[in-house]
Amino acid sequence: MGNLFSGGESKAAGDRCPASPKGAAVPPSAPDSSSASASACASSACAATVPDSSSASASAVPESPAASAASTASTADEAKNSAFNLDALRAEIEDIRANPPPYVSQVGSLSIPTFILEDDQLTKPSGQGPWDFTAAVSGALTAEEEAACEAAKAQATELRFSARIATQELARGERKLADARKVFGEVERRAGQEEEQGVRALFRRLPSVGTWLVPQRDEALVDDAALEEAASAVQAAEAEVQELREKESQALKEARKVERSASRSKNAEAYAFPFRVRIRFEASQWPFTLSDADGVRFQCVIHHALIDDDHHFMLEPFYKTLPRKDSVTLTVRGVLQAVHRFLVDPLEAWGIPEDSAPMRLHQEMASNRQENERRLSTIRKYSKLVAHEELFQTPARWQAEWLDPAFWSAVQAGTPEAWRSILTEHLPGEVFSFKVFTEDFCKTFVEEIFNFYDCGLPARRPNSMNNYGIILNEIGLEPMIDELQRMLQPLGELLWPGPGSVWDGHHCFIVRYRENEDLGLDMHTDDSDVTFNICLGLDFDGAGLQFCGLMGAGNHRKHTHTYKHVKGTCVCHLGRKRHGADDISSGERLNLILWNHSSTYRQSKEYNDPDYVKEEGPPDQVCVSYTHDRDYGNFKEYPKGKERFKGRGWCPPKPYEYPGFKTDAD
């Protein structure tokens, strides 16, 4: 939703604010600080209205040269004394772990990411940091905030009563003004009639001497005093109405302001959930600033209009309004508090007057809030209906008996040798499989899935290609999948550095294939950096998984392998590997699909500008896709009901067509 704030002075794409020199922490008051730079190149109308907490203590009165020098020296001393200190940062996090605020849970530890982004390229960190820290932050009101809301509600009732009285007084004043204007009009009308009659009488009394005489107004015939009195009454009534209007406006403004505080509970209810948040600390910035590019990120499912759509990063106004210790330095506790306040009431947290926010923003916020409410409503309702409570624990815990012993040993050892010992390599460097779940756990998990199917709660479908699956993150299993992803992260790092590194998001769902429902799946690639596909059963025949080449490779649409699913076993591959499921011939199959996402990788040139080469030749029949390919009809007939896809494909792109290519629409 970042474009809601774009203004007429936005910078061209690719322009960036100058950052602080690496290796030196710079206080926010220094001329070349990153926060000052951010203010200098702020590109949104909204950001311009947000007060910058880093400059809140600046005085408007010019300093004397001596005072300025003393202030500069003092700031330099503060910077020297407050420069990055890893031990102090760790101590602060341990203090939060020991004494967390009521809205903070699941406090993690500091870790260094295996890859970072420099000039759009993935690179391993060198030198100090950066350090990542995760914790869960809720928008649920604290006891103090609830008390403040209740007090605000009572005050709002009183203010609304006062505003109603002011409105009634204004109505009486306006009636009084209307009456005064009516009296003035009547007096003015009579005066005009009397003046006209007096002029005619004057002409009748004058002798005819052949000379035109200018008639003079007979003052005695017009009551000027009455006219002036009526005019004064109108002026007095107008002044009174203006005063009453201002009084009513102020009363309504105060009432709305307090009502907004009272209504915080409504927004808080939509975000009263422990959302996992990652904070990144740079040695060159902390404790004075956080990077407004990737300083704070939500690592979970959340629907909110004021976070970056693509990567769930906080937007610039968040960083401008962070609370500071002694108006200078940031604290971890203060950043977590700012996230909480953002979830409770983002406009108030960012100092944006409600009336100044564009209507589109209000609409987007309401839409996202409702979407989040629907999701949490399903999770809360299903929490009372679950078949296996052990799957829904928070924090999540995978029990050793659920997992294949060899897999669990690899997780415990964590070495490349241990991981490679459990792998079967089907395509060199591209497709692997390994046993993950026991038969008993597959049975338990399938029971939970069918329990949800039977409960009658609404289910969001995984995507447009799966009509009978469910999204596990939408029914309360997100913490469980978070932990599964954490266990699998070393394997992704081992097999595919880059796309398999620094996972900080996922989309996890169940697909179901059986007669009279989805039978198979068209050829496709995944919106995933690395995909894990785990078969849960049940009993079935057919439904092989066909693999072709990598998207952009010369063999993109050439068959490379057929994989046969085995209950409890996972097959893994890159998301850009083309694949599709054969139709099931009998029985029923359920699979757990885990799409892993890395926001770091997805901002890299490797992801956004991948290599693409000309296809080697016509595709293999098994590898064509009716949803994606421009030449599908040349090799297969469109499935019944899918004819609408003809002429809508994109693959192969025109510059990369094989020799002799022609579309099926030619």
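The values are calculated or read from the model by the stated rules, or taken from the named source; none is laboratory data. Just so it is clear, the structure is predicted and the values come from calculations on it, not from any experiment. For neighbour counting, all protein chains shown are included, and Cβ atoms are generated from backbone atoms with ideal geometry for every residue, glycine included. For accessibility, only protein heavy atoms count, side chains too; no ligands or nucleic acids. Shrake-Rupley method; radii C 1.70, N 1.55, O 1.52, S 1.80 Å.
Could you tell me whether His561 is surrounded by fewer than 23 Cβ atoms within 10 Å (Cβ to Cβ) and within 24 Å of Ala406 (Cβ to Cβ)? It is true that His561 is surrounded by fewer than 23 Cβ atoms within 10 Å (Cβ to Cβ) and within 24 Å of Ala406 (Cβ to Cβ). Look at the stretch 331-353: where a residue is touching a residue at least 60 places away in the same chain (Cβ under 8 Å) and farther than 16 Å from Met365 by Cβ and a partner is aromatic (Phe, Trp, Tyr) and surrounded by 19 or more Cβ atoms within 10 Å (Cβ to Cβ), sitting 6+ places away or on another chain with Cβ atoms under 8 Å, you get Val332/Phe133; Leu336/Tyr103; His340/Tyr103. Starting from residues that are open to solvent by 20 Å² or more (accessible area, probe 1.4 Å) and under 15 Å from Val332 (Cα atoms), keep the ones in the stretch 284-293 and report whichever is modelled with the highest pLDDT. The qualifying residue modelled with the highest pLDDT is Gln285.
Does Asp629 satisfy being in contact with a strand residue (DSSP E or B) (Cβ under 9 Å, 6 or more places away or on another chain), open to solvent by less than 40 Å² (accessible area, probe 1.4 Å) and farther than 21 Å from Asp526 by Cβ? No; evaluated as a whole, the condition is false for this residue. In the stretch 182-195 there is at least one residue that is modelled with pLDDT of 65 or more and within 60 Å of the chain's Cα centre (by Cα). Those helices (runs of 4 or more DSSP H) of the stretch 375-489 in which 1 or more residues are more than 25 Å from His597 (Cα to Cα) and β-branched (Val, Ile, Thr) occupy 439-455. Scanning the stretch 387-403 for any residue that is without any contact (Cβ under 8 Å) to a residue 12 or more places away in the chain and over 32 Å from the mean Cα position of the chain (by Cα) turns up at least one such residue.
With respect to Asp620, is the statement that it is open to solvent by 20 Å² or more (accessible area, probe 1.4 Å) and without any contact (Cβ under 8 Å) to a residue 12 or more places away in the chain true? Reasoning before the result, please.
On the way: open to solvent by 20 Å² or more (accessible area, probe 1.4 Å): yes; without any contact (Cβ under 8 Å) to a residue 12 or more places away in the chain: no.
Criteria not met by Asp620.
Would you check if there is a residue in the stretch 503-512 being farther than 22 Å from His388 by Cα, among the hydrophobic types (A, V, I, L, M, F, W, C) and either modelled with pLDDT of 95 or more or open to solvent by less than 10 Å² (accessible area, probe 1.4 Å) (or both)? Yes, because at least one residue in the stretch 503-512 is farther than 22 Å from His388 by Cα, among the hydrophobic types (A, V, I, L, M, F, W, C) and either modelled with pLDDT of 95 or more or open to solvent by less than 10 Å² (accessible area, probe 1.4 Å) (or both).
Taken over the stretch 613-636, the criterion of being among the aromatic types (Phe, Trp, Tyr) and out of contact with any Asp or Glu (no Cβ under 7 Å at 6 or more places or on another chain) is satisfied by Phe635 alone.
Can you tell me how many residues within the stretch 278-324 are closer than 21 Å to Trp595 by Cα and either among the acidic types (Asp, Glu) or without any contact (Cβ under 8 Å) to a residue 12 or more places away in the chain (or both)? Of the residues in that region, 3 qualify.
Could you please let me know if Asp132 is under 23 Å from Asp294 (Cα atoms), at pLDDT 90 or above, open to solvent by 70 Å² or more (accessible area, probe 1.4 Å) and not in a loop (DSSP other than H, G, I, E, B)? So Asp132 does not fit the description; no.
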